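See below for the structure under consideration.
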Ligand SMILES: Cc1ncc(C[n+]2csc(CCOP(=O)(O)OP(=O)(O)O)c2C)c(N)n1
């Protein structure tokens, strides 16, 4: 191998080794144009990998999205979904799970705060999980609701009951020191109610997170055929 | 090959002669034609019958309590078993077996420590989308969750690093589960799957023979891309002035290398590959710009930076390829072909997403592009960049042996179909830079996870695959670093036992060199924990294992040693003492712009 090898490595200073033939015309690294001496294009991409149109700013704002997934109700499905979300650092606001009208199916409803490409990725990554049958974003006019349990100081029971009535809440437990109330409704209504209860001193709170169904005939998860009572949900895949 | 199954049992001469019924007509790719497995009497027999029916030929593994029933069922199976020294060896060997053969690799381990020893290799296969099935023993179902002896939550541990994992529910269904897992590993985008096998499930009696193996519904997607999307992409390609193909590992996995070559050559489009895509396009072709990314060629990175139409096939745009996303192919319209919709616009926005099988979509594209893009000037520019930024290194006489020279010496001494495996570090980069790859499935390395120690067991798996494929004359070379070699060199014992013809070239720089390089570049030369002057003498170690051991210090010893090792029929280790200060260049600093690669240290 020494001497007559036919490759063309450059001989460097003092490099008279037979291994490094003199007839190499290739520029040595030090003769190659340095990083700043090379031509560089003007264009750029943003952090989502989208080419930036110099006129239109292409940064994406985060928004709230409700994602509904129809899944096989097998052991570990929630761990798979939550593991996916945490591993990929998606910004999740709430996650609810419950059975559907089909035995062996569950619905997972996830509220996320992400940019459009992020929401798109969540849907695509969830769709890759084997137990996920169908997944999609529920449109903006979906019917959404959340259940909240709320424990407040019982210093003024009459006032607590009055506020509770105003928001169609129910008193689940009333004692000498605390009153526990149940509220349901969409986000705006819950927020308003919580504001009103704050005056009494909120001791503890438990929220389920939003759950949602698409309005009217629209399927909640893509391809889902909504059923009525006794008529099971089906899905064409 | 096997130390058990291939030889007839002494007490049962027919044992190995008569494999389970149906085993011989395997394999078959089409699930409809896959024969159902032969009669079984236990869950373990059902597991083995399912594997035989799915076409598995070789398993790599280590015995243990919880997996013993499966091993017992392998005793009279047509499937060869290669006992490895460590489960990490088994999983990397299975992975490499899959890369070389194109069939899913198969590895076995017992519960607890056996299963956790597989974890690195499963994660490695997951990152590189390699089809592989891992079978792990588990404590009996009634003990699961009780912290029983050698219990680990294998399903929980491997959930994020598998395509899907299964907890076997019972002896009647376990065969079908294993068959499904095997097929799922190669369906659509390949990846590792795992079946956790509680001991009672494999021990229990059953007469349920597994049905034909098929992937679960919806996991084998439509291979064709949307026709309108193909048309739109074809128009973009026709109009491009600076088109560039970027072929990733997906091209090789989809057996699309021929289609890729046809496409690029038909339309005269220059080609660069990702590191896992090495071999998809011949690097000695005029159109080839070799591979791009952190240590890719300067000309590939210049082309990526200046292209106006990037035709990316089967790549996930890893950050080692892209550098900073904001400067990656900043002027390019991106055509992205991938079987996995989740890869589309994950890292780089795709103007033309083409979801489908790489081979089919490349055929679709080849048909849809009517006119070659007018790219004469661009091709000339690419050729100039090749002249301006060649891969080079200095070989002055008074310097220690250069590692690049060793790689070139092996390349010259071997044929095109030679299989190269590597560990991870500088040697891996030199093995990819200074070897001219021309064929798919000849470059076997750890890309996405970057696992030191991959090289030795991968060489074992690659050798077994080549032998199984009836190609014993192909050379298998493992380029390893001293640090990487030390991590899994116990598998040398397997190479000796199985008499595997492999040449291990240790590029010994007495450093974990890639770390030393970064310390010099970014940590002011503080060599914290990278100084490996305590390395054993690998040639003597090789002899202790029963392999041929050679040591090389100078240039003129290289050729004779290479020749002796290649001629040697069995495992040979050459301990090449190379220049400890040599660095891998060019280099795009982490997160930097591809076009701003450094060709010398002082540019970092
Ligand atoms: C299992 C593992 N541990 C640590 C690392 C980090 N690492 C990357 S390259 C490298 C150095 C490899 O040294 P060696 O195998 O001797 O090869 P060289 O770079 O010297 O060629 C290290 C420690 C890794 N990639 N994998």
Over all Cα pairs of the range B:145-213, how is the pair count split among 5 Å bins, expressed in % and running from 0 up to the last occupied bin?
3, 17, 22, 23, 18, 11, 4, 1
Taking the C-alpha atoms of chain B, how large are the radius of gyration and the largest Cα-Cα span, Dmax, in Å?
24.3, 74
Extension reserve of the residue B:499-residue B:235 stretch, reckoned as 0.36 nm per residue once the Cα distance is removed
89.6 nm
Using a/c under 1.5 as the rounded threshold, could you call the range B:157-312 rounded, prolate or oblate? The axes a ≥ b ≥ c are square roots of the C-alpha gyration tensor eigenvalues, and prolate needs a/b larger than b/c, oblate otherwise.
prolate
Taking chain B as the reference, fit the longest principal axis to its C-alpha atoms, fit the long axis of helix B:113-127 to the helix C-alpha atoms, and give the angle between the two in degrees, 0 to 90, nearest 10.
40
In what order do B:41, B:111 fall by count of nearby beta-carbon atoms within 10 Å, going from fewest to most?
B:41, B:111
Please report A:152, B:361 as a ranked list, fewest other C-beta atoms within 10 angstrom at the top and most at the bottom.
A:152, B:361
Given 4 °C, 1.567 mPa s and a Kirkwood radius over Cα pairs, the Stokes-Einstein diffusion coefficient of the range B:246-305 in µm²/s is 116
Ranked highest first by average number of other Cβ atoms within 10 Å, how do B:527-539, A:110-122 line up?
A:110-122, B:527-539
P(r) of the range B:319-462 in 5 Å steps, Cα pairs, percent per bin?
2, 7, 10, 13, 15, 19, 16, 10, 5, 2, 1, 0
Counting pairs of alpha carbon atoms under 8 Å apart in space and at least six apart in sequence, what relative contact order in percent does chain B give?
13
Using the C-alpha atoms of the range B:273-312, what convex hull volume per residue, in cubic angstrom, is computed?
74
Taking only Cα atoms of the range A:69-123, the Rg to Rh ratio with Kirkwood Rh works out at 0.99
Treat the range A:35-134 as a sphere of radius equal to its Kirkwood radius over Cα pairs and apply Stokes-Einstein at 10 °C in a medium of 1.306 mPa s; give the translational diffusion coefficient in µm²/s, rounded to a whole number.
101
Under the 0.36 nm per residue contour assumption, what length would be gained going from the current alpha-carbon distance of residue B:397 and residue B:266 to full extension?
42.6 nm
Would you mind getting the Kirkwood hydrodynamic radius of the range B:403-519 from its Cα pairs, rounded to one decimal in Å?
14.1
Over the range B:105-185, consider all pairs of different Cα atoms and compute the Kirkwood hydrodynamic radius from their mean reciprocal separation; express it in Å, one decimal.
13.0
Which value, in Å to one decimal place, does the Kirkwood hydrodynamic radius take for the range B:300-381 when every pair of different Cα atoms is included?
13.6
So for the range B:356-439, Kirkwood radius off the Cα pairs, Stokes-Einstein at 25 °C and 0.890 mPa s: how many µm² s⁻¹?
147
Each residue of A:46-52 has, on average, a number of other protein chain C-beta atoms within 10 Å of its C-beta equal to 6
Quick check on the protein assembly as shown: helices-only [θ] at 222 nm, where DSSP H runs of length 4 and up contribute -39,500 (n - 2.57) each and the sum goes over total residues. Nearest 500, please.
-9000 deg cm²/dmol
Cα-Cα separations in the range B:487-591 greater than 17 Å, expressed as whole percent
59
How would you classify the range B:553-604 from its alpha-carbon gyration tensor, with a ≥ b ≥ c the square roots of the eigenvalues: rounded for a/c under 1.5, else prolate if a/b is greater than b/c, otherwise oblate?
prolate
What's the whole-number percent of alpha carbon pairs in the protein assembly as shown lying beyond 36 angstrom?
53
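No value in this document is a laboratory result; all are computed from the given coordinates. Predicted, not measured: the structure shown is a model, and the values here were computed from it. Because the Cβ atoms are built from the backbone with ideal geometry, glycine has one as well, and the counts that use them run over all protein chains shown.
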